[in-house]
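The values are calculated or read from the model by the stated rules, or taken from the named source; none is laboratory data. Because the structure is a prediction, the values reported are computed rather than measured. Cβ coordinates were reconstructed from backbone atoms using ideal geometry, including for glycine residues, and neighbour counts include every protein chain displayed.
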Amino acid sequence: MIFDGSVVHENAHQWFGDSVSFKDWRDGCAAECFAQYAWQLWREHKGADADGDYRSEVEDYRDDPSLWSVKLYDPGPGRELEPALKGSLMLHALRRTVGDEAFFRTLRTWTHDHAYGNASFRQFEALAAKVSGKDLKGFFAAWVDGTVIPPEKYLYPGSLGRAAG
């Protein structure tokens, strides 16, 4: 399974990082976070419980400020590609916030509209809001620019709900 994860991650870079390259290093999440999330999508395709995995990861890292303190946009010099795990969690939360149809349409539109060019993560945020028709400012402020664990409404949106425990 680890080998599968590496292959899926690197193949995802064909679209997120290579075909659509980030404008500058502040936008590293536009490549790395998407590639990390591709592995989660692959696991889901193979039968994994994506929501359960998400809840488990969040709870494993809930009290670990080192994960939450890294911004997804402009994480700082030497940390440009570091926020992959937090970013993949954000992408799953975004998916549950806007729904599968809008989420995957956003990804298809992103890779189509910016193919063989450069784009910023801020452009992705705007596209996700436009495609979903939702105000995502609070969501992205908490996840992308935040340096602490996002508030519960952004951490456990929609069908993610808080797992009983």
Review point. Which pairs have Cβ atoms under 7 Å, sit 6 or more apart or on different chains, and link a residue in segment 25-36 that is of a type in the set (K, R) to one that is outside any helix (DSSP H, G or I)?
Key: R26/Y73; R26/D74
Revision key, fill the gap. Scanning segment 50-67 residue by residue, the ones that are acidic (D, E) and touching a Lys or Arg at 6+ places or on another chain (Cβ under 9 Å) total 2
Review point. Would a scan of segment 29-49 turn up a residue that is within 25 Å of V148 (Cα to Cα) and more than 12 Å from the chain's Cα centre (by Cα)?
Key: no
Study note, to complete from the structure: The number of residues in segment 51-97 that are part of a helix (DSSP H, G or I) and either surrounded by 21 or more Cβ atoms within 10 Å (Cβ to Cβ) or at pLDDT 90 or above (or both) is 28
Revision key, fill the gap. By my count, helices (runs of 4 or more DSSP H) wholly in segment 111-159 with at least 1 residues that are buried (at least 18 other Cβ atoms within 10 Å of the Cβ) and hydroxyl-bearing (S, T, Y) are 121-132, 152-155
